[in-house]
1. Give just the number: which of (1) in contact with a Ser or Thr (Cβ under 9 Å, 6 or more places away or on another chain); (2) farther than 23 Å from ASP458 by Cα does THR414 not satisfy?
2. Do any strands (runs of 3 or more DSSP E) entirely within the stretch 3-92 hold 3 or more residues that are within 20 Å of GLU365 (Cβ to Cβ) and among the charged types (D, E, K, R), and if so, which?
3. For the stretch 4-25, give me the residue count where each residue is of a type outside the set (A, V, I, L, M), open to solvent by less than 70 Å² (accessible area, probe 1.4 Å) and under 28 Å from the mean Cα position of the chain (by Cα).
4. May I ask you to list the residues in the stretch 69-83 that are more than 21 Å from VAL356 (Cβ to Cβ) and either open to solvent by 20 Å² or more (accessible area, probe 1.4 Å) or more than 16 Å from the ligand (Cβ to nearest atom) (or both)?
5. So, HIS269, is that one more than 20 Å from ALA350 (Cα to Cα) and either without any contact (Cβ under 8 Å) to a residue 12 or more places away in the chain or surrounded by fewer than 22 Cβ atoms within 10 Å (Cβ to Cβ) (or both) or not?
6. Determine which single condition THR448 fails, assuming it passes every other condition in (1) open to solvent by less than 20 Å² (accessible area, probe 1.4 Å); (2) at pLDDT below 95.
7. Are any of the residues in the stretch 457-474 more than 30 Å from THR364 (Cβ to Cβ) and modelled with pLDDT of 95 or more?
8. Give the residues of the stretch 347-399 that are closer than 19 Å to LEU502 by Cα and either within 16 Å of the ligand (Cβ to nearest atom) or not aliphatic (A, V, I, L, M) (or both), sorted by residue number.
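The values are calculated or read from the model by the stated rules, or taken from the named source; none is laboratory data. Just so we're clear, the structure is a prediction, and the values are computed from it rather than from any experiment. In this analysis, Cβ positions are derived from the backbone assuming ideal geometry, glycine residues included, and neighbour counts consider all displayed protein chains. Quick note on the areas: whole protein, heavy atoms, side chains included, nothing else; ligands and nucleic acids left out. Shrake-Rupley method; radii C 1.70, N 1.55, O 1.52, S 1.80 Å.
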Amino acid sequence: MTHGETARASLTIDPAFEIGEVHPRLFGSFVEHLGRCVHTGLHEPDHPTAREDGLRQDVLDLIGELGVTLVRYPGGNFVSGYRWEDGVGPVAERPRRLDPAWRSVETNEFGLNEFMRFTEVAGVEPMMALNLGTRGPMEARELLEYCNHPGGTAWSDLRRAHGHERPHGIGLWCLGNELDGPWQMGHKTAEEYGRVAAETARMMRMVDPGVRLVACGSSNSAMPTFAAWERTVLEHTYEHVDHISCHAYYEESDGDVDSFLASAQDMEHFIDSVVATCDHVRARLRSPKRLEVSFDEWNVWYRGLRDPATEPDWEVAPRLLEDNYTLTDAVVVGSLLVTLLRHCDRVTAACLAQLVNAIAPIMTEPGGPAWRQTTFFPFADAARHGRGRVLRVEPRSTRHDTAQYGEVDLLHATAVQQDEDTVAVFAVNRATDRPLQLTADVRATGSTRVVEHRVLADPDRHARNTLAEPERVRPRGVEGAAVDGGTLSAVLPPLSWNLLLLR
Ligand code: AHR
């Protein structure tokens, strides 16, 4: 495409062609003891909006608006050096510990039971990550007994003594975190990890057969061990687990915005490869079971800009990874959400990493306000309207060249049939310099009108929300989209995230 040419896109939306039902766990997030995610993020007992339990009400309100359904906890790299016992019991007696993962001091004033309280208040499902880096199956089993066993044993009675008479009933567990990564405490080979994960899974199911378990996949698709790691790990764990994880972070580097905007290409390839590896192991094992993917860390993260040498050492709740997202970053987040939805038949859990302050859609100031980053908006749209059946749309659009991914479509889109009457279309225009004229054949949906066209766009692609200007970037409703004779037409502004609701 040459500059100035009109960009066009078309697709067909037909309820007869379905990918699958969206699992509510697709709209998860992640709370790690990292920087100010927990302390002065979620939890700040002397904040003006703090509740009796120390949770910030202003943050809880934003989490509700964001529509998060599931929260992974307590890490992340942090979990591989963590003793969960440090975070339970009387707060005054809890030890302060070094957290080598983030070179911080952890006070442990917020731990397992405070997290469970948070999940109740926020109405989200917990996803508990185990330390399989520096600990093993026995400690995992004990933690499960503390959480899920009704009572009458030392661990379950300890929970009761801590004021939690009823079991927490945690249903979803991660068997460690990123153990393929040399940066991880307790880093392992695939053989080592596969064995320990399989034994942990077996022991956990002996205590609570109902738990769902996630084996660690690769930390990203560029890991040298990628795919071989999954194959070996699954050869050991396939019959004992329900999910394999994927993690991926994207950033704009060297000003190559077109490749950055096409980051979903990598995510698509990552998911497809992991699914193929699962199905390969399934075929070898002659197993009737089909594994699901838990994309339990994904986001934009400017790792390239991070300089650990300049970060504070051994502080409590230091300002770490407080990336301030631009409009461009939000459009990429939207496109990654489109990819997750398009794979909802196999990706049944996913966590935007993270929730507050550290690479997060919600920011806070200690003692001060909380506000929405640009990336908040596509997530909130998808979590609210991306419920139902994802339809197989095969968009065709003007294409352009990218340095990393070759030729890609300017349109990245999906459609979700919410109920008999409503179809939501999520669409990204990847062109930075021109609008995209979208037409869609919607005859089979019976839709006759566009009830809403919400757009996130800005003339300045670097625009952000900040403490000084927290409402600089916001979605707005636009006029002009219409259904006429079974054809939807809409203009998608340059570099934009779009939600179109058809009825
Ligand atoms: O989310 C930040 C970090 O990214 C997590 O601690 C780790 O699992 C990943 O590398």
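1. It is condition (2) that THR414 fails.
2. none
3. Total meeting the criteria: 5.
4. Result: GLY81, ARG83.
5. no
6. Looking at each condition in turn, THR448 falls short on (1).
7. Checking the stretch 457-474: not a single residue is more than 30 Å from THR364 (Cβ to Cβ) and modelled with pLDDT of 95 or more.
8. The answer is PRO378, ASP381, ARG384, HIS385, GLY386, ARG387, GLY388, ARG389, ARG392, GLU394, PRO395.
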